[in-house]
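Notes to accompany the following structure.
The values are calculated or read from the model by the stated rules, or taken from the named source; none is laboratory data. Treat the numbers as computed from the prediction; the structure is a model and nothing was measured.
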Amino acid sequence: MKKLITLFLIIGLLFVTACSKDTKQNEQGASETNTNKEDSTDSSTSKSEKEDSEATETTTTEAESSTAEDEATSDDSEQKDYLTSEHQFVASELTNSSEKQISDRWGKPNRSEKIQFRYSGTTEFVPAIVNYYQNDKYAVTFVEGKAARLVYSVIDEEILFNAEEMTRALELAGLPVDVEETTDTDTAYVYNDLGDVYEVTMFSKGEFVDYLYIILDEAYK
């Protein structure tokens, strides 16, 4: 009888232990499931936040880029608001251009000559070249490979060399016409306040404008 009771006690103890172990495992499994769900939720939230952040950064970058382009366009428009549909070229766009860039614009030169160029205020001479384009309509002086000076012969139309009509030559060269000369003689007018180029001298031939002598950059005055 004692043995039987002892056996029942042992069986009961084993049963209780097994139930306790299953309960613990179930609780542990539930805990792990909840943790995985939380991790998944956190991961999803983090991914969503990251995507939102990247989208915001992209939008901001695009907005900044668009603003910069608009400002650049606005600045360019303000700087060139004097241009008319009558201009044949824009003098300031030639500044520091290479021979290739000028040839792309006006074709190959019909002739060239080598010269020695002296920088203003110095005794230094450097090799330079003058290229003539379109039957000498344009003569560009290149100093160390850069367009430094331009002679534009006004041969497409006759422009009277007087205060009322002579600024037409400036218009053809893509220069502002609402400017006052700084020096004038019977045969030449000098303009300095042109903004985009350093200096322009307009020469006459008889009663008509002959050509514009344009110093594109102050470095080559």
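Please determine, by comparing only the residues of the stretch 183-221 that are farther than 23 Å from residue 136 by Cα and aliphatic (A, V, I, L, M), which one is modelled with the lowest pLDDT.
194
Quick check: is even one residue across the stretch 97-111 modelled with pLDDT of 95 or more, farther than 14 Å from residue 220 by Cα and part of a strand (DSSP E or B)?
Checking the stretch 97-111: at least one residue is modelled with pLDDT of 95 or more, farther than 14 Å from residue 220 by Cα and part of a strand (DSSP E or B).
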